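Just below is one structure, and these are the notes that go with it.
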Amino acid sequence: MSSSAELLAAGGSHETWRPLLELATREVFQLMLGCQLTSLGADVDLPPGVTSMVGLAGELCGVMTIQCGEKAAVLMTSRMLGLPAEKVGAEMSDALGEICNMVAGNFKNKISGLGDGCLLSPPTVITGSDYSTYSLADSPGLEARMCFEGLPVVITLQIHS
C-alpha cells in the first residue's frame, strides 16, 4: 500500500491534481445537478453560508470541502432532489454532504492506484459564517473556484501525509 507521500512522489507535486479536482467536480455537478460549471476568478468573494466536508483516510489522508453561499446551497438541493427552491428545508445538509462525498469519491478514483486504498468519512455540514477551520495539512491546499448558476462555489482539498 502506498502512502500519500509516495503517491505525490510518483505523480509529482499535488498541484498537478488540480485539473482532476476540477474535472471531478464538473462531472458530479453535471450528472447530479444537470448543470455546467464554469471557472471563477480568484477575486470573487464567497458569501458565508454552507461548508460540507469529507475526510479521506488511507493512502491519501486529508479533507475535502465544498463552500458556497446559502442561495447556492438551496439551488443545489433543489436541483438534486427535484424540489422547488422554496420547499428546500432540513434536507439541504444531506444534499450538500452527499455532493461533497461524490466529488471526493470521483476525485480519488481519478488518481491511479488510489481508488480502493482511500476511504471517505461520512460528510459533515456546517451552516453559518462565524467559524474557523484548522487542518493538519502539510502542504498548501488545492483549490478549485467554480461558478454554479452565477454563484460562487469553492472546492478545497487539504492533504496530510
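Quick note: the coordinates plus some simple rules give every number you see, no bench work behind them. Everything quoted here is computed from the prediction, not taken from an experiment. Every residue, glycine as well, gets a Cβ built from its backbone with ideal geometry; the counts of neighbours run over all protein chains shown.
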* Asked: Within the range 9-61, which residues are touching a strand residue (DSSP E or B) at 6+ places or on another chain (Cβ under 8 Å), surrounded by fewer than 19 Cβ atoms within 10 Å (Cβ to Cβ) and either over 25 Å from S93 (Cβ atoms) or among the aromatic types (F, W, Y) (or both)?
  -> E15, R18, T38, S39, G41, A42, G58
* Give me a count of the residues in the range 25-78 that are of a type in the set (S, T, Y) and without any contact (Cβ under 8 Å) to a residue 24 or more places away in the chain. => 2
